[in-house]
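The values are calculated or read from the model by the stated rules, or taken from the named source; none is laboratory data. Given the structure is predicted, the values throughout are model-derived calculations rather than measurements. Neighbour counts run over all protein chains shown; Cβ positions are idealised from the backbone, glycine included. Each accessible area value is taken on the protein alone, full model and side chains, heavy atoms only, with ligands, DNA and RNA left out. Shrake-Rupley method; radii C 1.70, N 1.55, O 1.52, S 1.80 Å.
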Amino acid sequence: AGVEVFTDSLRTAASLATFLEWRKACAAPLWRPRTLPPSPMPGWVGDLVQDGRRTLNEAEVKRLLADAGIPVVREAVAANEADAVQAADAIGYPVALKLLSNDIPHKSDIGGVELGIGTAGALRAAWARIMGNARQRCPDAAIEGMVVQAMARGPEFLIGLTRDATFGAVLTVGLGGVYTELFRDVALRVLPVDRAMVDGMLGELRCAPLLEGYRGQPPADREALIEVLT
């Protein structure tokens, strides 16, 4: 008669929940692929490739993002303490100081990151500590200097783009910072996406309450995050 019969109430509830989610998805706007014109490679990236480079360091990645119109935090690369102090004076305290090395992917794990540095003296001391940690824990790593960054406030979110062999370009958004690998709280969509789809992605995250202002924290700029993702 076309009527599904269950002998277990839990399976009944789980099946109804799945059916309702499917109906909700059917009512959502249809996903439509679109063709985007290819963007030329920035000239400075081409120069690096010609020099034999195959990876970009953190500062170069931020430059590439900025060239693509994605806002990045204000920063400068420093080769020594004097450069770092000069950069911090120009950016304005407090600043973050991060080791710049492609050989050390997780810099915070080896003491290669210090945050909230408020004075030139504290910056010099942080420089010495980070260099000491790098030499002690990663003696063979190539150090390119350090990045001096303006301190950003608010919750940290991960935004990623991967190219799946079957589905093509896939967008990832989720909890960022040092807890990314621990909680793996992410949502994924096949590109392209619109604002409604991105808003739905954020709503799926367990960390979504951070955007609304958790435990007395001010609300985050949800619209700015959606703008970057779309």
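Numerical summary
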{"item": "Of all residues making up the stretch 170-199, the number that are of a type in the set (Gly, Ala, Ser) and at pLDDT 90 or above", "result": "3"}
{"item": "Verdict on residue 82 being open to solvent by 60 Å² or more (accessible area, probe 1.4 Å), at pLDDT 95 or above and within 28 Å of residue 47 (Cβ to Cβ)", "result": "yes"}
{"item": "Single match in 121, 111, 154 (criterion: open to solvent by less than 60 Å² (accessible area, probe 1.4 Å) and over 25 Å from the mean Cα position of the chain (by Cα))", "result": "121"}
{"item": "Residues that are open to solvent by 100 Å² or more (accessible area, probe 1.4 Å) and either in contact (Cβ under 8 Å) with a residue 12 or more places away in the chain or under 18 Å from residue 188 (Cα atoms) (or both), drawn from the stretch 200-213", "result": "204, 206"}
{"item": "Identity of the residue in the stretch 176-190, in contact (Cβ under 8 Å) with a residue 24 or more places away in the chain and outside any strand (DSSP E or B), that ends up nearest to residue 164 (Cα to Cα)", "result": "183"}
{"item": "Out of 62, 98, 107, sole residue that is under 26 Å from residue 182 (Cβ atoms), free of Cβ contacts under 8 Å to residues at least 12 places away in the same chain and in contact with a strand residue (DSSP E or B) (Cβ under 8 Å, 6 or more places away or on another chain)", "result": "107"}
{"item": "Some residue of the stretch 80-102 being closer than 21 Å to residue 154 by Cα and polar (S, T, N, Q)", "result": "no"}
{"item": "Flag if residue 128 is surrounded by fewer than 15 Cβ atoms within 10 Å (Cβ to Cβ) and either at pLDDT 90 or above or not hydrophobic (A, V, I, L, M, F, W, C) (or both)", "result": "yes"}
{"item": "Qualifying residue in the stretch 133-151 (condition: of a type in the set (D, E, K, R), within 28 Å of residue 75 (Cα to Cα) and at pLDDT 95 or above)", "result": "no"}
{"item": "Hey, residue 88 within 21 Å of residue 146 (Cα to Cα), over 26 Å from the mean Cα position of the chain (by Cα) and of a type outside the set (D, E, K, R) or not", "result": "no"}
{"item": "In the stretch 94-108, the residues that are open to solvent by 70 Å² or more (accessible area, probe 1.4 Å) and closer than 28 Å to residue 224 by Cβ", "result": "105, 106"}
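Results for (1) open to solvent by 90 Å² or more (accessible area, probe 1.4 Å); (2) in a helix (DSSP H, G or I); (3) under 21 Å from residue 228 (Cα atoms); (4) at pLDDT 85 or above, shown as yes or no for each residue.
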position	(1), (2), (3), (4)
16	yes, yes, no, yes
31	yes, no, yes, no
45	no, yes, no, yes
48	no, yes, no, yes
53	no, no, no, yes
65	no, yes, yes, yes
69	no, no, yes, yes
